[in-house]
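A.B. asks: Questions regarding the structure given below will be posed in turn.
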Amino acid sequence: AQKVTQAQTEISVVEKEDVTLDCVYETRDTTYYLFWYKQPPSGELVFLIRRNSFDEQNEISGRYSWNFQKSTSSFNFTITASQVVDSAVYFCALSGDLGSYNTNAGKSTFGDGTTLTVKP
Amino acid sequence: DTGVSQDPRHKITKRGQNVTFRCDPISEHNRLYWYRQTLGQGPEFLTYFQNEAQLEKSRLLSDRFSAERPKGSFSTLEIQRTEQGDSAMYLCASSDRQGAYGYTFGSGTRLTVV
(Lines give C-alpha, C1' and ligand atoms only; values in the text may rest on other atoms or scores of the structure.)
Protein backbone atom coordinates (compact mmCIF):
# COMPACT_ATOMS: atom_id res chain seq x y z
CA ALA A 1 0.00 0.00 0.00
CA GLN A 2 1.10 3.51 -0.67
CA LYS A 3 1.14 6.23 1.96
CA VAL A 4 1.85 9.93 2.01
CA THR A 5 2.46 11.84 5.22
CA GLN A 6 2.35 15.58 5.53
CA ALA A 7 3.20 16.09 9.17
CA GLN A 8 2.60 19.83 9.17
CA THR A 9 -1.12 20.42 9.45
CA GLU A 10 -0.91 24.21 9.47
CA ILE A 11 1.85 26.72 8.88
CA SER A 12 1.60 30.46 9.29
CA VAL A 13 4.25 32.86 8.02
CA VAL A 14 4.58 36.55 7.36
CA GLU A 15 4.85 37.73 3.79
CA LYS A 16 8.35 37.47 2.27
CA GLU A 17 9.38 34.69 4.58
CA ASP A 18 10.55 31.41 3.06
CA VAL A 19 8.55 28.33 3.97
CA THR A 20 9.10 24.60 3.42
CA LEU A 21 6.29 22.07 3.30
CA ASP A 22 7.33 18.53 4.14
CA CYS A 23 6.19 15.34 2.43
CA VAL A 24 7.25 11.81 3.27
CA TYR A 25 6.02 8.84 1.27
CA GLU A 26 5.97 5.05 1.39
CA THR A 27 5.76 2.73 -1.58
CA ARG A 28 7.07 -0.65 -2.69
CA ASP A 29 7.03 0.33 -6.35
CA THR A 30 10.38 0.93 -8.02
CA THR A 31 8.82 3.31 -10.52
CA TYR A 32 6.56 5.94 -9.06
CA TYR A 33 5.60 9.56 -9.40
CA LEU A 34 5.30 12.33 -6.88
CA PHE A 35 3.11 15.38 -7.20
CA TRP A 36 2.26 18.60 -5.46
CA TYR A 37 -1.12 20.25 -5.80
CA LYS A 38 -2.43 23.56 -4.51
CA GLN A 39 -6.01 24.00 -3.30
CA PRO A 40 -6.79 27.70 -2.88
CA PRO A 41 -9.82 28.91 -0.93
CA SER A 42 -11.86 28.70 -4.15
CA GLY A 43 -11.53 24.94 -3.79
CA GLU A 44 -10.23 23.64 -7.12
CA LEU A 45 -7.06 21.56 -6.90
CA VAL A 46 -4.31 22.81 -9.17
CA PHE A 47 -1.37 20.71 -10.34
CA LEU A 48 2.03 22.19 -9.52
CA ILE A 49 4.67 19.60 -10.32
CA ARG A 50 5.37 15.96 -11.10
CA ARG A 51 8.63 14.12 -10.46
CA ASN A 52 9.44 10.52 -11.31
CA SER A 53 11.40 8.20 -9.08
CA PHE A 54 14.42 8.13 -11.36
CA ASP A 55 14.96 11.85 -11.40
CA GLU A 56 16.29 13.24 -8.14
CA GLN A 57 17.29 16.57 -9.57
CA ASN A 58 15.88 19.45 -7.63
CA GLU A 59 13.56 21.70 -9.56
CA ILE A 60 12.98 25.41 -9.38
CA SER A 61 10.10 27.29 -10.91
CA GLY A 62 10.07 30.94 -10.01
CA ARG A 63 9.59 31.20 -6.25
CA TYR A 64 8.82 27.49 -5.98
CA SER A 65 11.40 24.76 -5.55
CA TRP A 66 11.21 21.07 -4.85
CA ASN A 67 13.71 18.80 -3.14
CA PHE A 68 13.33 15.08 -3.87
CA GLN A 69 15.45 12.74 -1.74
CA LYS A 70 14.91 9.09 -2.39
CA SER A 71 17.17 8.08 0.50
CA THR A 72 14.76 9.65 2.98
CA SER A 73 11.59 9.13 0.90
CA SER A 74 10.89 12.82 0.99
CA PHE A 75 9.67 15.33 -1.53
CA ASN A 76 9.68 18.74 0.10
CA PHE A 77 8.33 21.95 -1.33
CA THR A 78 9.79 25.39 -0.62
CA ILE A 79 8.21 28.73 -1.36
CA THR A 80 10.70 31.57 -1.37
CA ALA A 81 9.58 35.09 -0.46
CA SER A 82 6.04 33.97 0.25
CA GLN A 83 3.09 36.12 -0.77
CA VAL A 84 -0.45 36.37 0.50
CA VAL A 85 -1.67 34.70 -2.69
CA ASP A 86 0.27 31.59 -1.69
CA SER A 87 -2.24 30.99 1.10
CA ALA A 88 -3.86 27.65 0.33
CA VAL A 89 -3.88 24.00 1.25
CA TYR A 90 -1.02 22.11 -0.39
CA PHE A 91 -1.22 18.40 -1.07
CA CYS A 92 1.54 15.97 -1.82
CA ALA A 93 0.53 12.87 -3.79
CA LEU A 94 2.08 9.60 -4.95
CA SER A 95 1.17 7.25 -7.78
CA GLY A 96 2.58 4.15 -9.40
CA ASP A 97 3.93 3.90 -12.92
CA LEU A 98 1.34 5.81 -14.86
CA GLY A 99 2.08 3.94 -18.08
CA SER A 100 1.49 0.50 -16.62
CA TYR A 101 -1.56 -1.36 -15.47
CA ASN A 102 -0.47 -2.36 -11.97
CA THR A 103 -2.65 -1.65 -8.98
CA ASN A 104 -1.10 1.69 -8.15
CA ALA A 105 -0.78 2.88 -11.72
CA GLY A 106 -4.00 4.72 -12.12
CA LYS A 107 -4.54 6.32 -8.78
CA SER A 108 -2.78 8.91 -6.72
CA THR A 109 -2.61 8.63 -2.96
CA PHE A 110 -2.81 12.04 -1.34
CA GLY A 111 -1.56 13.29 1.98
CA ASP A 112 -3.92 15.17 4.25
CA GLY A 113 -2.50 18.51 3.20
CA THR A 114 -0.75 21.43 4.83
CA THR A 115 -2.69 24.65 5.26
CA LEU A 116 -0.40 27.57 4.59
CA THR A 117 -1.41 31.02 5.73
CA VAL A 118 0.69 33.94 4.60
CA LYS A 119 -0.02 37.11 6.53
CA PRO A 120 0.67 40.55 5.11
CA ASP B 1 -11.62 23.22 -23.88
CA THR B 2 -12.77 24.65 -20.60
CA GLY B 3 -11.29 22.01 -18.34
CA VAL B 4 -13.08 19.41 -16.26
CA SER B 5 -16.74 20.19 -15.61
CA GLN B 6 -18.81 18.74 -12.82
CA ASP B 7 -22.53 19.00 -12.32
CA PRO B 8 -24.18 19.86 -10.03
CA ARG B 9 -21.93 22.03 -7.87
CA HIS B 10 -24.04 21.41 -4.79
CA LYS B 11 -26.55 18.74 -3.91
CA ILE B 12 -28.63 18.46 -0.77
CA THR B 13 -30.55 15.24 -0.41
CA LYS B 14 -32.47 13.36 2.22
CA ARG B 15 -31.07 10.22 3.68
CA GLY B 16 -32.10 7.20 1.67
CA GLN B 17 -32.41 9.01 -1.64
CA ASN B 18 -30.31 8.24 -4.71
CA VAL B 19 -28.08 10.88 -6.26
CA THR B 20 -26.15 11.04 -9.51
CA PHE B 21 -23.26 13.30 -10.39
CA ARG B 22 -21.83 14.01 -13.80
CA CYS B 23 -18.29 14.74 -14.90
CA ASP B 24 -17.12 15.94 -18.31
CA PRO B 25 -13.35 15.50 -18.61
CA ILE B 26 -10.93 17.25 -20.92
CA SER B 27 -11.71 15.73 -24.29
CA GLU B 28 -8.15 14.57 -25.07
CA HIS B 29 -7.79 12.81 -21.72
CA ASN B 30 -8.44 9.09 -21.73
CA ARG B 31 -8.22 8.65 -17.95
CA LEU B 32 -10.94 9.78 -15.60
CA TYR B 33 -10.88 9.56 -11.83
CA TRP B 34 -13.35 10.01 -9.01
CA TYR B 35 -12.17 11.09 -5.59
CA ARG B 36 -13.96 12.04 -2.40
CA GLN B 37 -12.73 14.73 -0.04
CA THR B 38 -13.94 15.51 3.45
CA LEU B 39 -12.99 18.51 5.55
CA GLY B 40 -9.38 18.47 6.64
CA GLN B 41 -8.51 15.42 4.58
CA GLY B 42 -6.82 14.83 1.29
CA PRO B 43 -8.74 13.44 -1.68
CA GLU B 44 -9.55 9.77 -1.28
CA PHE B 45 -9.53 7.53 -4.34
CA LEU B 46 -12.86 6.02 -5.39
CA THR B 47 -12.45 4.69 -8.90
CA TYR B 48 -10.88 5.35 -12.26
CA PHE B 49 -11.45 4.68 -15.94
CA GLN B 50 -9.19 4.22 -18.89
CA ASN B 51 -11.48 5.18 -21.77
CA GLU B 52 -14.73 3.31 -21.02
CA ALA B 53 -13.13 0.57 -18.92
CA GLN B 54 -13.35 0.87 -15.15
CA LEU B 55 -9.92 -0.37 -14.13
CA GLU B 56 -10.12 -0.11 -10.39
CA LYS B 57 -12.60 0.56 -7.65
CA SER B 58 -11.61 1.31 -4.09
CA ARG B 59 -12.34 -1.40 -1.57
CA LEU B 60 -13.58 1.35 0.68
CA LEU B 61 -16.43 1.92 -1.71
CA SER B 62 -19.61 0.17 -0.76
CA ASP B 63 -21.94 -1.46 -3.24
CA ARG B 64 -24.14 1.62 -3.01
CA PHE B 65 -21.64 3.45 -5.22
CA SER B 66 -21.44 2.87 -8.94
CA ALA B 67 -19.73 4.73 -11.74
CA GLU B 68 -19.95 4.56 -15.49
CA ARG B 69 -18.19 6.11 -18.41
CA PRO B 70 -20.11 5.20 -21.52
CA LYS B 71 -18.18 5.56 -24.75
CA GLY B 72 -15.18 6.86 -22.85
CA SER B 73 -16.52 10.37 -22.67
CA PHE B 74 -18.38 11.81 -19.68
CA SER B 75 -18.80 9.84 -16.48
CA THR B 76 -21.52 9.50 -13.87
CA LEU B 77 -21.20 8.58 -10.22
CA GLU B 78 -24.33 7.29 -8.53
CA ILE B 79 -24.86 6.83 -4.83
CA GLN B 80 -27.87 4.78 -3.84
CA ARG B 81 -29.63 4.99 -0.49
CA THR B 82 -27.49 7.87 0.67
CA GLU B 83 -26.30 8.03 4.26
CA GLN B 84 -25.11 10.99 6.29
CA GLY B 85 -21.57 9.65 6.08
CA ASP B 86 -21.68 10.17 2.33
CA SER B 87 -21.63 13.93 2.83
CA ALA B 88 -18.42 15.13 1.19
CA MET B 89 -16.98 16.87 -1.83
CA TYR B 90 -16.88 14.53 -4.82
CA LEU B 91 -14.06 15.38 -7.16
CA CYS B 92 -13.58 14.32 -10.73
CA ALA B 93 -10.23 14.55 -12.48
CA SER B 94 -8.82 13.56 -15.83
CA SER B 95 -5.39 13.00 -17.28
CA ASP B 96 -3.71 11.60 -20.33
CA ARG B 97 -2.28 8.13 -19.96
CA GLN B 98 1.17 9.36 -19.07
CA GLY B 99 -0.04 11.90 -16.57
CA ALA B 100 2.82 14.22 -17.32
CA TYR B 101 0.84 17.17 -16.09
CA GLY B 102 -0.81 15.42 -13.21
CA TYR B 103 -4.52 15.44 -12.87
CA THR B 104 -6.80 18.25 -13.97
CA PHE B 105 -9.49 18.49 -11.35
CA GLY B 106 -13.00 19.78 -11.64
CA SER B 107 -14.53 22.10 -9.07
CA GLY B 108 -16.29 19.21 -7.40
CA THR B 109 -19.83 18.42 -6.31
CA ARG B 110 -20.57 19.08 -2.67
CA LEU B 111 -23.05 16.55 -1.34
CA THR B 112 -24.93 17.14 1.87
CA VAL B 113 -27.11 14.34 3.17
CA VAL B 114 -29.67 15.48 5.74
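The values are calculated or read from the model by the stated rules, or taken from the named source; none is laboratory data. All values reported here derive from a predicted model rather than from experimental measurement. Glycine also receives a Cβ, built like all others from the backbone with ideal geometry; neighbour counts cover every protein chain displayed.
A.B. asks: Going residue by residue through the range A:83-97, is there one that turns out to be modelled with pLDDT under 95, part of a loop (DSSP other than H, G, I, E, B) and either among the hydrophobic types (A, V, I, L, M, F, W, C) or out of contact with any Pro (no Cβ under 9 Å at 6 or more places or on another chain) (or both)?
C.D. replies: Yes: one or more hits.
A.B. asks: For A:Ala81, work out the one condition from (1) of a type outside the set (D, E, K, R); (2) touching a Leu at 6+ places or on another chain (Cβ under 7 Å); (3) more than 25 Å from B:Cys92 (Cβ to Cβ) it doesn't fulfil.
C.D. replies: (2)
A.B. asks: Run down A:Val14, A:Val24 and say which single residue is farther than 30 Å from B:Gln6 by Cα and over 12 Å from the mean Cα position of the chain (by Cα). Can you show your working first?
C.D. replies: Numbers: A:Val24 fails: over 12 Å from the mean Cα position of the chain (by Cα).
Residue meeting the stated conditions: A:Val14.
A.B. asks: Would you mind stating whether B:Arg9 is within 12 Å of another protein chain (Cβ to nearest Cβ), charged (D, E, K, R) and without any contact (Cβ under 8 Å) to a residue 60 or more places away in the chain?
C.D. replies: So B:Arg9 fails the test.
A.B. asks: Keeping to the range B:99-114, report how many residues are in a strand (DSSP E or B), of a type outside the set (D, E, K, R) and surrounded by fewer than 18 Cβ atoms within 10 Å (Cβ to Cβ).
C.D. replies: So the count comes out to 1.
A.B. asks: Which condition number does B:Asp24 fail, the rest of (1) surrounded by 13 or more Cβ atoms within 10 Å (Cβ to Cβ); (2) farther than 13 Å from B:Thr109 by Cα; (3) among the acidic types (Asp, Glu) being met?
C.D. replies: With respect to (1) surrounded by 13 or more Cβ atoms within 10 Å (Cβ to Cβ); (2) farther than 13 Å from B:Thr109 by Cα; (3) among the acidic types (Asp, Glu), B:Asp24 is out only on (2).
A.B. asks: A further question follows. In the range A:31-79, which residues are in contact (Cβ under 8 Å) with a residue 40 or more places away in the chain and farther than 21 Å from A:Thr109 by Cβ?
C.D. replies: If the condition is that a residue be in contact (Cβ under 8 Å) with a residue 40 or more places away in the chain and farther than 21 Å from A:Thr109 by Cβ, then A:Pro40, A:Pro41, A:Thr78, A:Ile79 are the ones that fit.
A.B. asks: When the range B:79-98 is examined, which residues are found to be within 11 Å of chain A (Cβ to nearest Cβ) and surrounded by fewer than 21 Cβ atoms within 10 Å (Cβ to Cβ)?
C.D. replies: Listed by number, the residues that qualify are B:Met89, B:Asp96, B:Arg97, B:Gln98.
Okay, residues lined up against (1) assigned to a strand (DSSP E or B); (2) among the hydroxyl-bearing types (Ser, Thr, Tyr):
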| site | (1), (2) |
| --- | --- |
| B:Leu55 | yes, no |
| B:Ser62 | no, yes |
| B:Ser66 | yes, yes |
| B:Leu77 | yes, no |
| B:Tyr90 | yes, yes |
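A.B. asks: Take A:Gly62 and tell me if it is closer than 21 Å to B:Thr104 by Cα and out of contact with any Leu (no Cβ under 9 Å at 6 or more places or on another chain).
C.D. replies: Here the answer is no, as A:Gly62 does not meet what is asked.
A.B. asks: While we're on this one: Mind listing whichever residues of the range B:40-53 are surrounded by fewer than 16 Cβ atoms within 10 Å (Cβ to Cβ), within 11 Å of chain A (Cβ to nearest Cβ) and not in a strand (DSSP E or B)?
C.D. replies: Narrowing the range B:40-53 to residues surrounded by fewer than 16 Cβ atoms within 10 Å (Cβ to Cβ): B:40-41, B:51-53.
Narrowing further to those that are within 11 Å of chain A (Cβ to nearest Cβ): B:40-41, B:53.
B:Gly40, B:Gln41, listed by residue number.
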